[in-house]
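Scroll down for the structure; my scribbles are underneath it.
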Amino acid sequence: MTGLAFAVLLSAALAGYAMNRRAALALRNGGERLHSLGSFHGLYALLLVLVPAFVATILWIMLEGSVINALTLSGLPDGVLAGATNPQLILTEIQSIAGGRIFGTPDPWKLEAADRMASLRATSGWLLVAVIAALSAALLYVSRRQVTADFRARQAAERIVMGLMITCSLIAVFVTIGIVFSLVFESVRFFQMVPLTEFLFGTRWEPQMPIRADQVAAEGAFGVLPVFLGTLVITFVAIVIAVPVGLLSAIYLNEFASRRFRAVAKPILELLAGIPTVVYGFFAILTVAPALRAWGAALGIPVAPNTALAAGSVMAIMLIPFISSFADDALSAVPRSLRDGAIALGATRSETVLNVLFPAAIPGIMGGVLLAVSRAIGETMIVLMAAGLIAKMTINPLDSVTTITVQIVTLLIGDTAFDSPKTLAAFALGLMLFIVTLFINILALRIVRKYREQYD
Amino acid sequence: MYDTNRPEAAVGQQDIKISASDVQVFYGPKQAIKDLNVEILDKTVTAFIGPSGCGKSTFLRCINRMNDTVDTARVEGRIAIDGQNIYDRGVDPVQLRAKVGMVFQKPNPFPKSIYDNVSYGPKIHGLARDKAQMDEIVETALRGAALWNEVKDRLHEPGTGLSGGQQQRLCIARAVATAPEVLLMDEPCSALDPIATSQVEELIEQLRTRFSVVIVTHSMQQAARVSQKTAFFHLGSLVEYGDTNDIFTRPRDSRTEAYISGRIG
Amino acid sequence: MTDLPDNGRASDTAWSSDAFKNRLARRHRKELGLKLLGLGALTLAFLMLGILLWTLISGGAQAFRQTHVTLDVPISAQMVDPADPAAGNYRGVIAEAMQATFPDAPQERMRALSGILSNAAQFVLRDRVVADPELIGQVVQIRVPTSDTYDQLNKGNVNEASDESTRRLNDEDIRAFRQLEAEGRITLPFNWALFTNADSRFPELAGLRGAIIGSFYALLVCFLISFPLGIGAAIYLEEFAPKNKISDIIEVNINNLAAVPSVVFGLLGLAVFLNWFGMQRSAPFVGGLVLALMTLPTIIIATRAALKAVPPSIREAALGVGASKQQVVFGHVLPLAMPGILTGTIIGLAQALGETAPLLLIGMNAFVTSAPGTPFDASTALPTQIFIWADSPERGFVARTSAAILVLLGFLVLMNAIAIFLRNRFERRW
């Protein structure tokens, strides 16, 4: 249905183009002097039809879901919802039945509701097509009326285009606002259930709170410190490995490698950066973690199955090309005259790099390292697959720790109900993650920009 | 290993310090210098003049093997200092450059303190046994570069904070601190104002008593003022070489005459 | 001004002294040391890449072939009613066929023997018979996948020398399989099911069709949204935006957005698209929306770089003949910048294709056994399918995870190759 709606609005827009262009040409052939070319009259009609109809379609698609959900819920038999503590879960179940995924034998009223939901969806589809057709027709009429000899069609069309472009650039801002708003909104609900001080300073993280009141389970505890500590341990391991390896690679590529070697080695190194993180996660559980366990056993050191070391070292592999390319850029940005000055004094290449280039490039490299730290903190898949789930107050990299991102995903994976602290805790963690990484990123970008200006 | 012991006895004022024969320089497929033969004297200021792209800076950078750092550069022929070909296999460019100092067109102090700038060369080459000796080397070099009085109270401030002329003299001090035998200067005054220029020129006059100074310059007045010998380069070839006075008053080659009278360049 | 440095130095600092020579040798050793360290670091990185790829290829290669068994199945009218072939007892038919294949086997072994075949065997048979009811009463030859444990046995992943109790297959099971092998009933053809099947609980039946189509829909939505929005924003910011505070804020905002952790975009999608707008969970459309928001900064930054690379002379020439600013940009600058923009877009889409965490949060890790028909149906995507399989305990899923990763990497290589081709083919040097 959505496809049909798009087809309708596109053909209406093209029809508008053809119609207005013809009308404008007819005016000219009738002896009038047009202010704008015929094609601009056409373009004006095209934009006038396309933009509102397109926006209406998008809004419809975005909003129909919540309307249908509300209608479905309101149509449920009396008392069904009153008895349930969690309407969210019921809705999710009805949705999956309507989507054709039936598990077990649902209550008949759920099947009925799913039927109603499916028929509401079908109705909504047809309604959309009808609305778009009507809207397009109205806009076609309006634009056709505007074809006159002195209508400034080019200016009008360009104003629409300009407005579109401004909207596009504002969308990036809206995304940020959307992120901040959704995180803050859900976090506030979380902090109404769990005090902020407990979240920030608590040393126990056991979010397995019962979803339904009648379930028997331990009470949840939401102290973020052990989770945060775990994140830092893994980040530390990753950075400690990745920074020297990345820096030394950059120094070698920049100073010692022949041009041909560099031309081959750099793209290979960048391959590492292009590998999706889920692949690294699989590599960690399949190869690195067993290898570490075997070494640990050989040395007689107890190694946990999901060590911070395994997750951190695999993350380091991912970060090596990132740090290396930043350091490479920073070293190359040091003016050649400084390098020449040192070499002309009889400094060896290593002395030139270590005593002159490196100190001069430090700000740029620091920026890159900070961005790498922010990446490591925000990296999800490697830790989700290779790190642990249990939060522990430990800084032992051979122990199993958990991270902010791991907790976000595990709390939200599967069915989610937006009224339990367990779900909302993920948003509080997300807010924390966002603030921490944003702070680091702003700092890093500022350092990098300052550094660039220094040598421009 | 290349012999650095100069014979102590009977060093004449006009010994040949550098002698180049059949030097060819290529940057990739492009030939930058062809068939260059020249002999540069000790304790003399030699000026290289010529229009842009004539090869004078290229040749200068061959004398301390700076061209080694350019991937595509290739040098053929022989350049000897004190009779030792510096392009021989056994010659270590690091050691060579400690003996052949260089000052660049744009002042390029390291982003370190004034003291650290000057002491860098002696430090890496291990020329000072202790802090006191290093202090002495730094002071001597800064005095030699006529900078001591201006900076003695702020030796530990960054060298990049000095004015352009001071920076260039700092770079000269840095080069002088390793006690080189040859000092190469690649248009050392092109980024300086007239006052700073005259200070540096005065300095060159002083340096001549100790080293062989080779200076590349765009300014013919400067060449006339500071040098005893002048070499005129054109399109990668050495056109004319002789006493500065002769070159400027009685050029033998028509191209030299055209250049110094301002018709080419 | 006269006390210049003296060339005559104490003997231990003179150029030719042994001390100096030793120092020089030490300095050169240090230089060599740094060089070797750098080379070592690079080698370590390459080694890791090598091990990673080798692990994936050696582990995944097996999954591209699947052990099949060929059986002669007598279909009796007792088991399958010719009037309603779809409702027949095909499980029973298969059991009879196994009985016929192993006539000597005791009754209590039959269950284990049927386990050689994949669960799909009865459905393969049913589809054959429903399509052609004439087959009832005849002996039909079918070729069906074996179950995962026997697939592993055939691929040499079972240590037959180990203690029987530690294996999932006992010696009798292995003997039965060897008998089939000796009869020439076991084959190892290319595993088309990996591409034509959707997910399944049984490794031997699980395929990537659903994930590939889901990823395709998600990328399509991502492209359709982020490409026009990104170009529009970039053109405005690069060509039209006044230099003021607001433009600065937008600029800083875009740079920071590019570095926001991907899981945060997942939270945004979950809270806004699923919870507030009530969109379909697990739908590639929602996945595409989230990926589009993530890709947007990449495309904006790439487009601005491409626009910047078009020399001002082009703009001046067009403005000079009386074109409006927009005509200049859309008629002249944008077409010249297009190769650069496309290259950046493809690289951004390749990143989006590998992105996993945000898709998990909007439920694209659902267990779906059919490929999505539209972008609004529940589905997985390639990376989330990898995550699901990596989490599955069955041996067969380990190889399949590697194989799925190889497929994903194949798509990534293809996309990057297209980007590189575009860059080399159309890049202009001004």
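Regarding A:Phe282, is this residue in contact with a Leu (Cβ under 9 Å, 6 or more places away or on another chain), at the interface with chain C (Cβ under 8 Å from one of its Cβ atoms) and closer than 16 Å to C:Leu36 by Cα? For A:Phe282, the condition - in contact with a Leu (Cβ under 9 Å, 6 or more places away or on another chain), at the interface with chain C (Cβ under 8 Å from one of its Cβ atoms) and closer than 16 Å to C:Leu36 by Cα - is not met. Check whether at least one residue in segment A:287-308 is aliphatic (A, V, I, L, M), within 12 Å of chain C (Cβ to nearest Cβ) and assigned to a helix (DSSP H, G or I), and report yes or no. For segment A:287-308, residues aliphatic (A, V, I, L, M), within 12 Å of chain C (Cβ to nearest Cβ) and assigned to a helix (DSSP H, G or I): present. Count of segment A:131-179 residues, restricted to those that are more than 10 Å from chain C (Cβ to nearest Cβ) and farther than 22 Å from A:Ala56 by Cβ, is 7. Total residues in segment C:155-177 satisfying the condition of being touching a helix residue (DSSP H, G or I) at 6+ places or on another chain (Cβ under 9 Å) and within 21 Å of C:Met110 (Cβ to Cβ): the figure is 11.
In this structure, C:Ile386 does not qualify as in a helix (DSSP H, G or I), among the aliphatic types (A, V, I, L, M), touching a helix residue (DSSP H, G or I) at 6+ places or on another chain (Cβ under 8 Å) and closer than 28 Å to C:Leu229 by Cβ. For segment C:353-381, residues that are outside any loop (DSSP other than H, G, I, E, B) and under 16 Å from C:Ala283 (Cβ atoms) total 4. Give the residue that is surrounded by the fewest Cβ atoms within 10 Å (Cβ to Cβ), with candidates limited to residues of segment C:354-364 that are under 14 Å from the mean Cα position of the chain (by Cα) and facing chain A (nearest Cβ under 8 Å). Only one residue fits best here, namely C:Gly354. Within segment B:114-131, does at least one residue satisfy the condition of being at pLDDT 90 or above, in contact with a Gly (Cβ under 7 Å, 6 or more places away or on another chain) and more than 11 Å from chain A (Cβ to nearest Cβ)? Among the residues of segment B:114-131, at least one is at pLDDT 90 or above, in contact with a Gly (Cβ under 7 Å, 6 or more places away or on another chain) and more than 11 Å from chain A (Cβ to nearest Cβ), which makes the answer yes. All of B:Thr256, B:Thr230 fail the test of being in contact (Cβ under 8 Å) with a residue 40 or more places away in the chain, touching a strand residue (DSSP E or B) at 6+ places or on another chain (Cβ under 9 Å) and surrounded by 20 or more Cβ atoms within 10 Å (Cβ to Cβ), apart from B:Thr230. Among the residues that make up segment B:65-79, is at least one of them among the basic types (Lys, Arg) and in contact with a strand residue (DSSP E or B) (Cβ under 6 Å, 6 or more places away or on another chain)? Yes: segment B:65-79 contains one or more residues that are among the basic types (Lys, Arg) and in contact with a strand residue (DSSP E or B) (Cβ under 6 Å, 6 or more places away or on another chain).
Search segment A:226-262 for residues being away from every other protein chain (no Cβ under 12 Å) and among the small types (Gly, Ala, Ser), and hand back the single one that is farthest from A:Val369 (Cα to Cα). Only one residue fits best here, namely A:Gly230. As a summary of the residue check, C:Val321 satisfies the conditions (1) at pLDDT below 90; (2) within 25 Å of the chain's Cα centre (by Cα) except for the one numbered (2).
Quick check, is A:Gly312 touching a Pro at 6+ places or on another chain (Cβ under 9 Å), farther than 21 Å from C:Gly59 by Cα, assigned by TED's automatic domain parsing to the domain that holds A:Ala242 and crowded, with 20+ Cβ neighbours inside 10 Å? Here the answer is yes, as A:Gly312 does meet what is asked. Can you find even one residue in segment C:214-235 that is surrounded by fewer than 20 Cβ atoms within 10 Å (Cβ to Cβ) and among the hydroxyl-bearing types (Ser, Thr, Tyr)? No: segment C:214-235 contains no residue that is surrounded by fewer than 20 Cβ atoms within 10 Å (Cβ to Cβ) and among the hydroxyl-bearing types (Ser, Thr, Tyr). Of all the criteria given as (1) more than 10 Å from chain C (Cβ to nearest Cβ); (2) more than 17 Å from A:Asn254 (Cβ to Cβ), the one not satisfied by A:Ile377 is (1).
Somewhere in segment A:325-346, is a residue within 14 Å of chain B (Cβ to nearest Cβ), free of Cβ contacts under 8 Å to residues at least 40 places away in the same chain and not in a helix (DSSP H, G or I)? Yes, some residue in segment A:325-346 is within 14 Å of chain B (Cβ to nearest Cβ), free of Cβ contacts under 8 Å to residues at least 40 places away in the same chain and not in a helix (DSSP H, G or I).
Of the residues making up segment A:138-174, those that are surrounded by fewer than 20 Cβ atoms within 10 Å (Cβ to Cβ) and among the small types (Gly, Ala, Ser) are A:Ala138, A:Ala149, A:Ala156, A:Gly163. Within segment C:39-52, residues that are facing chain A (nearest Cβ under 7 Å) and of a type outside the set (Ser, Thr, Tyr) reach partners that are crowded, with 18+ Cβ neighbours inside 10 Å and not in a helix (DSSP H, G or I) with beta carbons closer than 8 Å, at six or more positions or on different chains, in the pairs C:Leu52/A:Ile275.
All conditions but one from (1) in a loop (DSSP other than H, G, I, E, B); (2) within 19 Å of the chain's Cα centre (by Cα); (3) not hydroxyl-bearing (Ser, Thr, Tyr) apply to B:Asp71; the one that does not is (2). Would segment C:323-332 turn up any residue that is touching a residue at least 40 places away in the same chain (Cβ under 8 Å), facing chain A (nearest Cβ under 10 Å) and under 28 Å from C:Phe265 (Cβ atoms)? No. Would you confirm, using the coordinates I've provided, whether A:Ser249 is among the polar types (S, T, N, Q), over 26 Å from C:Phe397 (Cα atoms) and without any contact (Cβ under 8 Å) to a residue 24 or more places away in the chain? In short, no. Between B:Arg89, B:Arg61, the distinction of being assigned to a loop (DSSP other than H, G, I, E, B) and of a type in the set (Lys, Arg) belongs to B:Arg89 only.
Could you tell me whether segment B:195-203 includes any residue that is buried (at least 24 other Cβ atoms within 10 Å of the Cβ), more than 14 Å from chain C (Cβ to nearest Cβ), within 29 Å of B:Arg65 (Cβ to Cβ) and under 21 Å from the mean Cα position of the chain (by Cα)? Scanning segment B:195-203, I find no residue that is buried (at least 24 other Cβ atoms within 10 Å of the Cβ), more than 14 Å from chain C (Cβ to nearest Cβ), within 29 Å of B:Arg65 (Cβ to Cβ) and under 21 Å from the mean Cα position of the chain (by Cα), so the answer is no. Confirm whether C:Gly287 is facing chain A (nearest Cβ under 9 Å), within 27 Å of A:Phe190 (Cβ to Cβ), of a type outside the set (Phe, Trp, Tyr) and touching a helix residue (DSSP H, G or I) at 6+ places or on another chain (Cβ under 7 Å). The answer is no for C:Gly287. May I ask you to verify whether A:Ala316 is within 14 Å of chain C (Cβ to nearest Cβ), of a type in the set (Gly, Ala, Ser) and part of a helix (DSSP H, G or I)? Yes, satisfied. Residues being exposed (fewer than 15 other Cβ atoms within 10 Å of the Cβ) and under 20 Å from C:Thr187 (Cβ atoms): count how many of those fall in segment C:128-148. Of the residues in segment C:128-148, 3 are exposed (fewer than 15 other Cβ atoms within 10 Å of the Cβ) and under 20 Å from C:Thr187 (Cβ atoms). When the residues of segment C:53-73 are filtered to those that are closer than 30 Å to C:Val93 by Cβ and not polar (S, T, N, Q), the one that is farthest from the other protein chains (Cβ to nearest Cβ) is C:Asp72.
Inside segment C:233-271, can you point out the residues that are touching a residue at least 12 places away in the same chain (Cβ under 8 Å), at the interface with another protein chain (Cβ under 7 Å from one of its Cβ atoms) and of a type in the set (Gly, Ala, Ser)? Once the filter is applied, which keeps residues that are touching a residue at least 12 places away in the same chain (Cβ under 8 Å), at the interface with another protein chain (Cβ under 7 Å from one of its Cβ atoms) and of a type in the set (Gly, Ala, Ser), segment C:233-271 yields C:Ala233, C:Ser262. Residues in segment A:384-419 that are closer than 21 Å to C:Pro358 by Cα, small (Gly, Ala, Ser) and in contact (Cβ under 8 Å) with a residue 12 or more places away in the chain: A:Ala386, A:Ala387, A:Gly388, A:Ala417.
The values are calculated or read from the model by the stated rules, or taken from the named source; none is laboratory data. Only a predicted model underlies this, so the values are computations on that prediction, with no experimental measurement involved. Heads up, the Cβs are rebuilt from the backbone with ideal geometry, glycines too, and the neighbour counts pull from every protein chain shown.
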